[in-house]
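Q: Sharing a structure below in structure tokens format, with a few things to ask.
The values are calculated or read from the model by the stated rules, or taken from the named source; none is laboratory data. Being a predicted model, the structure only gives us computed values, none of them experimental. For neighbour counting, all protein chains shown are included, and Cβ atoms are generated from backbone atoms with ideal geometry for every residue, glycine included. Areas reflect the complete protein model, heavy atoms only, side chains present, ligands, DNA and RNA absent. Shrake-Rupley method; radii C 1.70, N 1.55, O 1.52, S 1.80 Å.
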Amino acid sequence: MSNRTGKLFVISASSGTGKTTLAQALLQNDKNLIQSISYTTRQPRPNEINGKDYFFVTKQQFFGMREKGEFLEWANVFGRYYGTSRTFVEMHQKLGKDVLLLIDVQGAKKVKKLMPGAIYIFLSPPSKEELRRRLEKRGTESKAEIARRLKVAQQELRELNAMYDGRYLCDYRIVNRDIRKATEIVKTIISAEHLS
Ligand code: 5GP
């Protein structure tokens with residue numbers, strides 16, 4: 001067991017930006033990095049596995065956990081609830097693992113208040129048109145849902161340009177034009193943060 005506490009990396013990106021693909025590449029490359037598995041009330045997509053992609057729970061279960069303070073942060077994203085398990089993050093950091101959170105901007109803001117020392121990375125799409133194209137290509141959302149996600153994405157970009165307690169929300173902002181390049185940049189950030 002390592003005697004150092006692991007670091008917390010928070011990656012936020014608008015839906016469809018490519019953060020899941022990026023995270024998979026990071027996790028394959030770095031065995032000391034573990035992704036936090038969130039709880040959600042949304043329905044699983046056809047290829048998703050309970051306990052691997054998310055813990056899929058009912059609203060009642062989610063609200064019960066929220067009441068008991070089991071979430072480090074939680075958010076209502078597109079009408080469904082998502083939450084990060086406090087125990088998961090704390091336990092793995094204590095074991096010396098670096099923990100990766102893939103959460104939305106609202107969630108990142110909440111975590112930043114609690115954990116200002118974590119590293120905040122934002123992945124943005126090259127343009128709104130490209131984001132629309134990616135969401136349409138994924139084919140898992142209806143037209144109305146895509147329109148909603150694009151609207152939220154614009155709001156999130158505005159939030160990134162705002163200051164919170166004299167600081168920007170994110171430490172690093174990466175435009176995802178090419179997922180391999182974006183992954184290389186994040187790998188470099190992780191290595192550099194270990195040296196700091
Ligand atoms: P999706 O339904 O496409 O998997 O995720 C929708 C959005 O919810 C994404 O932006 C994703 O990062 C975010 N999300 C997933 N898990 C959590 C979580 O635990 N907390 C917060 N705040 N957002 C989350």
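Q: What ranking do 187-196, 10-19 get when scored by the average of other Cβ atoms within 10 Å per residue, highest first? Spell out each step's value before the answer.
A: On the way: 187-196: 12.1, 10-19: 23.7.
Ranked from most to least packed, the peptides come out as 10-19, 187-196.
Q: Here's a follow-up. Nearest 20 debye, what's the magnitude of the dipole of region 8-195 about its Cα centre given +1 on Lys and Arg Cβ and -1 on Asp and Glu Cβ? Present the calculation step by step, with values, prior to reporting the outcome.
A: Values: 33 positive and 21 negative charges, 90 e Å.
Rounded to the nearest 20 debye, it is 440 debye.
Q: Calculate log10 I(q)/I(0) of region 8-195 for q = 0.09, 0.16, 0.19, 0.20 Å⁻¹, where I(q) comes from the Debye formula with a single equal point scatterer on each Cα and nothing for solvent.
A: -0.31, -1.09, -1.60, -1.76
Q: Moving on. Along Cα→Cβ, 7 Å out, is where each label goes; now give me the distance between the ones at residue 4 and residue 21 in nm to one decimal.
A: Each label point lies 7 Å from its Cα, and together they span 3.2 nm.
Q: Quick one: which residues, 5+ away or cross-chain, put their amide H under 5 Å from the amide H of residue 97? H built at 1.01 Å from N.
A: Amide H neighbours of residue 97, under 5 Å, 5+ apart: 6.
Q: May I ask which residue of 16, 34, 101 lies farthest towards the positive end of the charge dipole of the chain, with charges of +1 (Lys, Arg) and -1 (Asp, Glu) on Cβ and the Cα centre as origin?
A: 16
Q: Can you show me the helix-derived [θ] at 222 nm for the chain, built from DSSP H runs with n ≥ 4 at -39,500 (n - 2.57) apiece and divided by the number of residues, rounded to the nearest 500. All intermediate terms of the calculation are to be shown ahead of the outcome.
A: Numbers: 7 runs with 85 residues, N = 196.
Estimated from H runs of four or more residues: -13500 deg cm²/dmol.
Q: Another one. Per residue, how large is the accessible surface of the chain? Use a 1.4 angstrom probe and give square angstrom. Before the final figure, lay out the partial values.
A: Numbers: 10960 Å² over 196 residues.
Per-residue accessible area for the chain comes out at 56 Å².
Q: So which lysines can residue 59 reach, going by Cα to Cα under 16 Å and dropping same-chain residues fewer than 8 places off?
A: Partners found: 68.
Q: Please list the three semi-axes, largest first and in whole Å, of the ellipsoid equivalent to region 77-169, using sqrt of 5 times the eigenvalues of its alpha carbon gyration tensor. Mind showing how you got there, number by number?
A: Working: eigenvalues 150, 61, 29 Å².
Equivalent-ellipsoid dimensions as semi-axes: 27, 17, 12 Å.
Q: Return the carbon/sulfur percentage of the accessible area of region 1-106, one whole number, probe 1.4 Å, all protein chains in place. Write out the running numbers ahead of the final one.
A: Numbers: 2650 of 5410 Å².
Heavy-atom surface of region 1-106 belonging to carbon and sulfur, 1.4 Å probe: 49 percent.
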